[in-house]
Amino acid sequence: MKIVMGFDHAGYLLKPVLIETVRQAGHQVLDVGTDSPAPVDYPDIVQKAGRAILEKQAVRGILVCGSGVGACIAANKINGIYAGVCHDTYSAHQGVEHDDMNVLCLGSRIVGSELARELVRAFLAARFSKDERHRRRVGKIRAMESEAAGKADHDR
C-alpha cells in the first residue's frame, strides 16, 4: 500500500522514525514534506497529502503536527478524506475498522517516537470491517458530506 506522509515543522523530528516504520511494515511512502524544521503552515502540507489520496497516488495518509488537531481539522475539510487524531492504538485501528478512516493524525508534542510507531503500525494493519452496521454508518457520513458539498456549490 502506498502511504502519503506529511509533517509540519513541529512534526519534523518524527519524520524519519515514522517513514522508517511505514517502510518496515512493507509499504511505500510518498513524502509531501516538510524537509526542514523551519516553520511551515500545516494546511499546505495537509492539502498536498489529501490531493495525493484523492488522485489515487496513495491509499492512506499520515499527518503529523504539534497536537495532531490542526492537521485533522484541515484534512477533514477535504471531501473524501476521513481523518482522526489518535493517541492510543485502539483508536488508530478502530477508526479504520469501523469508520473507514483513511488519514491518521498524530501530535508530535503529545506522543513520543515509540508510541507513534505503535500507532502507525496499528493504523496500517487495520482494514475496514464491511459489517452491515459499519457500512450503513459510513454511508450516512458520505451522504452528509455530499449534502454539504451540494449546499456549498448552490451557495456560490
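Karplus-based coupling profile of the range 60-72, in residue order and whole Hz: 9, x, 10, 10, 10, 10, x, 10, x, 6, x, 4, 5, with θ = phi - 60° in 6.51 cos²θ - 1.76 cosθ + 1.60 and x standing for Gly or Pro.
Segment Ser36..Tyr90, full-extension length gain: 16.3 nm, with 0.36 nm per residue of separation and the alpha-carbon distance subtracted.
Just the ratio, please: alpha-carbon radius of gyration of the chain over 2.2 N^0.38 Å, N its number of residues. Walk me through the intermediate numbers first.
Working: Rg = 15.1 Å, N = 156, 2.2 N^0.38 = 15.0 Å.
Rounded to two decimals, the normalised Rg is 1.01.
Helix-derived [θ] at 222 nm for the chain: sum -39500 (n - 2.57) over DSSP H runs of at least 4, divide by residue count, nearest 500? Show your work: numbers first, answer last.
Working: 6 runs with 78 residues, N = 156.
Mean residue ellipticity at 222 nm (helix-derived): -16000 deg cm²/dmol.
When Ser129, Ser108 are ordered from fewest to most other Cβ atoms inside 10 Å of their Cβ, what list results? Provide the component values of the computation, followed by the final result.
Working: Ser129 15, Ser108 23.
Listed from fewest to most nearby Cβ atoms, that is Ser129, Ser108.
Which of the peptides 63-73, 134-144, 29-39 is most tightly packed, and how do the rest follow, judged by the mean count of other Cβ atoms within 10 Å per residue?
By packing density, highest mean first, the sequence is 63-73, 29-39, 134-144.
Values quoted throughout were computed directly from the atomic coordinates according to the rules given, and no laboratory measurement underlies them. Quick caveat, the model's predicted, so the values are computed rather than measured. When we count neighbours, we look across all protein chains shown, and the Cβ atoms used for this are built from the backbone with ideal geometry, even at glycine.
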